[in-house]
Amino acid sequence: MYLSLIFLPLLSSLLAGFFGRFLGFRGACLVTTISVFTSFVMSCIAFYEVALSGSLCYVKVSSWFVSEMFDSSWGFYFDTLTVVMLVVVTSVSTLVHLYSISYMSGDPHLPRFMSYLSIFTFFMLTLVTADNFLQMFFGWEGVGLASYLLINFWFTRLQASKASIKAMLVNRVGDFGLSLGIMAIFSVFKSVDFLSVFSCAPHFASTRFIFCNMECGLLNVICILLFIGAVGKSAQLGLHTWLPDAMEGPTPVSALIHAATMVTAGVFLIARCSPLFEYAPTALMVVTFVGGMTCFFAATTGVLQNDLKRVIAYSTCSQLGYMVFALGISNYSVGVFHLMNHAFFKALLFLSAGSVIHALSDEQDMRKMGGVLQLLPFTYGMTLIGSLSLTGFPFLTGFYSKDSILELAFANYTITGNFAYWLGAICVLFTSYYSFRLLFLTFLSPTNLYKSSLKSTHDAPFVMALPLILLAFGSIFVGYLGKDMMIGLGTNFWGNALFVLPKNINLLESEYIPQTQKMVPLLFTLLGAFLAYLVNYSLYRESYYMKTTWIGRKLYYMLNKRWLFDKVYNDFIGQKNLDFGYRVSFKTLDKGCFEILGPYGIGFLFQNLTRYLSKLQSGMIYHYAVVMLLGVILLISIVGLWEFLEVFVDNRLYFIFLTTFIFYNYYYPEGI
């Protein structure tokens, strides 16, 4: 069963991809959807056996690389962290498959699309079930490949091709850091197996070494390298630029990438490597700061985005910041709990946005929407539930994890904890604002739609509505049902899957922080909703005048253009590299030095060399005698004075002397 739940999506992907023309549209959809649903049922059984019954499962399939000390095998490790991720990935993937049947029904390449979705699911399952770093890296690269294929699904669109290449290149930067981290782990621990590495981590806790001419903690460097990989996949500040551009793919792709698969891989990596990070305090500090800054950056950027899907994309980036800084303050269980909760309401938001776009003839600009509440009441209800859960409205799914993260950050009583708490609390205000702004501009404000779009407007059909209903139930109840089990005081749900040093445990402390600090997120949520009502619905004329002032235009431009990260990267990194590639690499080296030393240069060299050698053949005996005498003297002097010359003279000086002598005689054969 445990192997079947992993390989069923692969089998269905191969069938739909290679035999889609024989299966037909319905056949490909049925094969892939039923296979992933079967994996979900098996994942639920595995969740009961492993997480609830405490029976861990380890399946070793075969050896993979065996070379002296390096031994890596195909093995699948099922602990509590793994089965939680399995349930999240397979459940969301099943609903996305079902939704895609109706959403993509008019596309002629539907079997290929369903094949890509299934292979995406397979690689994510491989990533979370791996028992060693190398096999995890295989799944890590696999989800990158699948995201490239899905973002570029409509390959005739230029923007889709550019977005997929951008996602691949930005992720290569993070993957380079992760690969260096895995190499460092093998160099130090002489193994890439999780259990072997984690059991030896305390032994290297105080080990230091010289890195870049600085003395650093060994585990700090390794964990920061691993975190660079997580920064790329989970779109943290610096390597986040690919995430909003991934919206160029079909909407079900966005739901799968942002809710359950690719962006959660980085969070899973840090949680899986908790035994290493716990002995690397500097790395944890870096994780906390980067997570807090990502949360703030993405929340402020989402405030002034006009594309419906981009607003939700930046909310994903912001929520990932919450997860990462929760991991940075050693609250791994709360970070993974928020990951699970976030998967349901974010998938609901994206699929609801897809329903809106589908109904309005593929219109994504919120400024050209409005007033569709009467036309799309069901979609509005689903979007409202997802938005309220995202903002952390009391007693919905997002409330239980987001408020826990902020309370634990405040109870950390360190600079990093306070930094993360206040940035996270401010981001609650921005999150509430852009969530309700989306509702007002899309559904409630006066309509800006074209009449041609209104003619064909329709609410979601049953096949698209069913996944939305199931995700809505998850967005309401999952947080309440899972809170005490996953992050309650004294729970042993996680077992040995997550490791926290006793000095870093502050779950009990968060229960006794001042009540005012617990109320801050709720107050900011209500304030953000009120501001969104004023700016986008009630006082929209005044807000327009405010935006057209000098300060308003500058602020609008900076936030709408994503803090100009893309411009800086394009001008100072991309353009500089292109200039180097053309002017230095191509013109100077390829067309210059290499051609002179290569095909053109060899003939030129031999012509001049033969001409020079012919001049030495003067026919005079005394010329030959002088050359022979000089050669013998030089040979005797080198042999006799070799030991003396080794001390005072570098051997390479002979080469310099010889080349100088030859060129001098070539250019000045008659003397100066």
Worksheet item: Among the residues of the range 561-578, which ones are of a type in the set (S, T, N, Q) and either in the same structural domain as residue 544 (by TED's automatic domain parsing) or surrounded by fewer than 12 Cβ atoms within 10 Å (Cβ to Cβ) (or both)?
Response: 575, 577
Worksheet item: Before we move on, is residue 485 under 30 Å from residue 426 (Cβ atoms) and either of a type in the set (A, V, I, L, M, F, W, C) or outside the structural domain of residue 424 (by TED's automatic domain parsing) (or both)?
Response: no
Practice prompt. For the range 68-106, name all the residues that are charged (D, E, K, R) and in contact (Cβ under 8 Å) with a residue 12 or more places away in the chain.
Written response: 71, 79
Worksheet item: When you look at residue 426, is it among the β-branched types (Val, Ile, Thr) and without any contact (Cβ under 8 Å) to a residue 24 or more places away in the chain, yes or no?
Response: no
Worksheet item: Can we say residue 90 is assigned by TED's automatic domain parsing to the domain that holds residue 341 and either assigned to a loop (DSSP other than H, G, I, E, B) or in contact with a Phe, Trp or Tyr (Cβ under 6 Å, 6 or more places away or on another chain) (or both)?
Response: yes
Item to complete: Go through the range 397-421 residue by residue and tally those that are surrounded by fewer than 24 Cβ atoms within 10 Å (Cβ to Cβ) and of a type in the set (A, V, I, L, M).
Response: 2
Item to complete: Kindly indicate whether any position in the range 138-147 is over 19 Å from the mean Cα position of the chain (by Cα) and either modelled with pLDDT of 90 or more or not in a helix (DSSP H, G or I) (or both).
Response: no
Worksheet item: Do the conditions hold for residue 289, that is, is it among the aromatic types (Phe, Trp, Tyr) and buried (at least 24 other Cβ atoms within 10 Å of the Cβ)?
Response: no
Fill in: Near pairs, Cβ below 6 angstrom, 6+ apart or cross-chain, from the range 434-451 (crowded, with 19+ Cβ neighbours inside 10 Å) to any residue that is among the β-branched types (Val, Ile, Thr) and in a loop (DSSP other than H, G, I, E, B)
434/303; 443/372
Practice prompt. Assess whether residue 132 counts as being of a type in the set (S, T, N, Q), at negative phi and touching a strand residue (DSSP E or B) at 6+ places or on another chain (Cβ under 7 Å).
Written response: yes
Fill in: Residue that is surrounded by the most Cβ atoms within 10 Å (Cβ to Cβ), among those in the range 499-524 that are in a loop (DSSP other than H, G, I, E, B) and touching a Leu at 6+ places or on another chain (Cβ under 8 Å)
506
Item to complete: Kindly check whether there is at least one residue in the range 268-283 that is closer than 22 Å to residue 140 by Cα and part of a loop (DSSP other than H, G, I, E, B).
Response: yes
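Residue-by-condition table, conditions (1) buried (at least 22 other Cβ atoms within 10 Å of the Cβ); (2) closer than 17 Å to residue 84 by Cβ; (3) not assigned by TED's automatic domain parsing to the domain that holds residue 103:
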| residue | (1), (2), (3) |
| --- | --- |
| 8 | yes, no, no |
| 27 | no, no, no |
| 30 | no, no, no |
| 52 | no, yes, no |
| 66 | no, no, no |
Worksheet, complete the sentence: The helices (runs of 4 or more DSSP H) lying entirely within the range 351-449 that contain at least 2 residues which are hydrophobic (A, V, I, L, M, F, W, C), touching a Cys at 6+ places or on another chain (Cβ under 8 Å) and on the phi < 0 side of the Ramachandran plot are 415-439
Discussion item. I'd like to check something: does the range 301-317 contain any residue that is of a type in the set (Asp, Glu), assigned to a loop (DSSP other than H, G, I, E, B) and either in the same structural domain as residue 440 (by TED's automatic domain parsing) or touching a Pro at 6+ places or on another chain (Cβ under 9 Å) (or both)?
Written reply: no
Item to complete: For the range 539-560, name all the residues that are surrounded by 13 or more Cβ atoms within 10 Å (Cβ to Cβ) and either outside any helix (DSSP H, G or I) or not charged (D, E, K, R) (or both).
Response: 539, 540, 543, 546, 552, 555, 556, 558, 559, 560
Discussion item. Six or more apart or on different chains, Cβ atoms under 7 Å: show the pairs whose first residue is in the range 495-523 and among the acidic types (Asp, Glu) and whose second is surrounded by 14 or more Cβ atoms within 10 Å (Cβ to Cβ).
Written reply: 509/411
Fill in: Residue among 12, 62 that is among the polar types (S, T, N, Q), out of contact with any Leu (no Cβ under 9 Å at 6 or more places or on another chain) and within 21 Å of residue 256 (Cβ to Cβ)
12
Worksheet item: For the range 300-353, how many residues meet the condition of being within 20 Å of residue 556 (Cβ to Cβ) and polar (S, T, N, Q)?
Response: 6
Worksheet entry | Verdict on residue 453 being among the hydroxyl-bearing types (Ser, Thr, Tyr) and closer than 16 Å to residue 376 by Cα | yes
Practice prompt. Run down 218, 225, 237 and say which single residue is in contact with a helix residue (DSSP H, G or I) (Cβ under 9 Å, 6 or more places away or on another chain) and modelled with pLDDT of 90 or more.
Written response: 225
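The values are calculated or read from the model by the stated rules, or taken from the named source; none is laboratory data. Remember, it's a predicted structure, so these values are computed and weren't measured experimentally. A quick note on method: Cβ atoms are made from the backbone with ideal geometry, for glycine too, and the neighbour counts reach across all protein chains shown.
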